[in-house]
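A.B. asks: Shown below is the structure under consideration.
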Amino acid sequence: MARGLSPYGKTLEEQATKLKPGQLSEVFKDRSGFHVLKAEEERAGRVQKLDEVRKQIALDLVKGQKAKELAKQKADETLAQLRAGKELKDLFPVKKTEPGQFDFSSFTTPQTTETETFHPMGGDVPGIGQASKLSAAVFAQTQVGAVPQAPIEEGDSWYLFKLKSRERADLSKLDANEMKSARDRLIGQKQGELYAKWIEVLRKKAKIVENEQMLSYDIGAGHEAFQPDDF
């Protein structure tokens, strides 16, 4: 399995790439169920010449773009059905698989899953993994039964949801370690937001001037003309 090219999803790929030959993973969950992986071997990567893969790259790009367009179309149609009163579980019934079986279709066809309770910090969605855009869209809703304004694009997938419940965290139930962990995450999140805003302000105030003489290898002092074949 090449990094970034797995058809089985980001969560499974991340778990697989952590393993060395012979190692077993911890039990983990993704949208298709619970899994345990065992690494059999690790093969060295091979760099192919562009001429060898040019046609395949073009074909993959066309297929990928077409698949993305069809997925978006299906998501829009499904959202319209949700607004008309349909339920996700009726539109896409949950498939039951036997222990030890892997449902490959779960990565190529729409799936319905019901998450456990989760919080907005970190952007992690149970059964899906890191999905900050989806998490933010969920917590932007306050009414039970709410659906998003539009499908949420996260990586190579489109997501829809219907809010089942919304509860405020009961801080009295947290122990000291949990309180500290929550406080640290909130501080880190706030620092990240402030840093992003600061960078945006600097970007708006900045004036960028291209110095063609400094950028040119042909003109710049102390530089010879750049010849790719010399390397």
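Throughout, read-outs are computed from the coordinates displayed, never taken from laboratory work. Since the model is a prediction, treat every value here as computed from it, not as a measurement. Cβ coordinates were reconstructed from backbone atoms using ideal geometry, including for glycine residues, and neighbour counts include every protein chain displayed.
A.B. asks: Suppose R0 equals 25 Å. What FRET efficiency, 1/(1 + (r/R0)^6) with r the Cβ-Cβ distance, do Ala67 and Ser181 give to the nearest 0.05?
C.D. replies: 0.05
A.B. asks: For Asp124, which sequence-distant residues (separation of 5 or more, or a different chain) have an amide H within less than 5 Å of its own amide H, given hydrogens modelled in the peptide plane?
C.D. replies: Ala131
A.B. asks: Would you please give the residues with an amide H less than 5 Å from that of Phe28, counting only those at least 5 places away or on a separate chain, with H modeled from the backbone geometry?
C.D. replies: For Phe28, whose amide H was placed from the backbone, the distant partners under 5 Å are His35.
A.B. asks: Another question, then. Enumerate the calculated ³J(HN,Hα) couplings along the stretch 139-151 in order (Karplus 6.51 cos²θ - 1.76 cosθ + 1.60, θ = phi - 60°), each rounded to whole Hz, writing x wherever the residue is Gly or Pro.
C.D. replies: Along the stretch 139-151, the couplings run 7, 7, 8, 10, 9, 4, x, 5, 10, x, 5, 8, x Hz.
A.B. asks: Need one number: nm distance between label points at Lys18 and Arg168, each 7 Å from Cα along Cα→Cβ, rounded to one decimal.
C.D. replies: 3.6
A.B. asks: Using 7 Å Cα-to-Cβ label points, what is the Asp51/Ser132 separation (nm, one decimal)?
C.D. replies: Taking the simple label geometry, Asp51 and Ser132 are separated by 4.3 nm.
A.B. asks: Could you give the nm distance between label points at Gln189 and Ala150, where each point is 7 Å from its Cα heading toward the beta carbon?
C.D. replies: 2.4
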